[in-house]
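Q: Let me begin by handing over the structure; questions about it come next.
Rule-based calculations on the coordinates, nothing more; no lab input. Because the structure is predicted, anything quoted here is derived from the model rather than measured. Cβ coordinates were reconstructed from backbone atoms using ideal geometry, including for glycine residues, and neighbour counts include every protein chain displayed.
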Amino acid sequence: MGSWGGHVLLDPSDLERMFSTQDSWDQLPSVFEEPTAEHLGQLDEVRSVLDKIPPREADFIELYFFQKIRQTTIAELYNVSQPTVCYRLARGATRLRYLIDMPRHNPKEVEKDLRGCFSDERDVLVMMGMLRTTCQSDVAKELGTSQGFVRHRFLRSISRLEKMAGMENTVSIFKHVATNVNILKNTTRSCWAEDLVYSLN
């Protein structure tokens with residue numbers, strides 16, 4: 001392996017090793033549990049939500065599952081350990097499953113419905129904050145309040161929505177969030193601790 005003009009040069013044996021299928025999608029059943037077809041849908045559906053998870057996790061999933069590059073090679077490319085790659089693949093896959101399993105909705109319509117149900121603006125802000133981040137601490141920080149307040153208002157609001165006619169889909173959305181608290185935590189990080197050593201063009 002050498003370099004030229006800032007690019008990495010790979011010989012055929014390197015390429016064969018990198019694109020080997022011995023360490024590919026079907027070798028990680030613990031990440032994508034059955035039924036994978038129902039949970040993941042079509043591959044384009046997975047790609048459609050890749051930009052909603054941390055960039056590094058999205059890169060790893062793209063390389064590993066779609067381009068069939070081995071975990072050890074990804075680890076070398078990103079100057080991290082293979083267990084780190086495995087962890088980020090598992091974490092990314094869990095986030096993707098959450099996003100794909102989320103009941104279909106339009107956030108603006110959800111907010112409009114909430115404003116028609118709650119007179120206290122804080123309840124609306126808590127619910128929308130949790131829908132966007134799934135993280136009680138992030139919402140608490142945004143609102144300048146405590147996590148306890150956010151948790152209490154969030155669960156209380158779900159309970160109130162359950163008693164209202166015609167709010168079944170809205171309830172299913174927030175119950176999905178409630179059973180996956182913190183699943184999107186840190187998805188807005190713009191920088192990473194690990195440095196990229198070299199890239200393939």
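Q: Once you put a point 7 Å from the Cα of Leu43 and another 7 Å from the Cα of Glu109, both along the Cβ direction, what distance in nm separates them?
A: 3.1
Q: With charges set only on the Cβ (+1 for Lys and Arg, -1 for Asp and Glu), what does the dipole of the stretch 107-178 come to about its Cα centre, in debye to the nearest 20?
A: With only Lys, Arg, Asp and Glu charged at Cβ, the dipole is about 140 debye.
Q: Okay, moving on. Tell me, what is the FRET efficiency for Ser146 and Lys185 to the nearest 0.05, using R0 = 22 angstrom and their Cβ-Cβ distance as r?
A: Once the sixth-power term is evaluated, E becomes 0.80.
Q: Starting from the Cα of Lys112, draw a straight line to each of the lysines and keep only those under 19 Å, dropping any in the same chain fewer than 8 residues away.
A: Within the straight-line cut-off, Lys112 pairs with Lys163, Lys175.
Q: Defining a contact as two alpha carbons under 8 Å apart and six or more residues distant in sequence, what relative contact order in percent does the stretch 107-178 show?
A: Relative contact order here is 28 percent.
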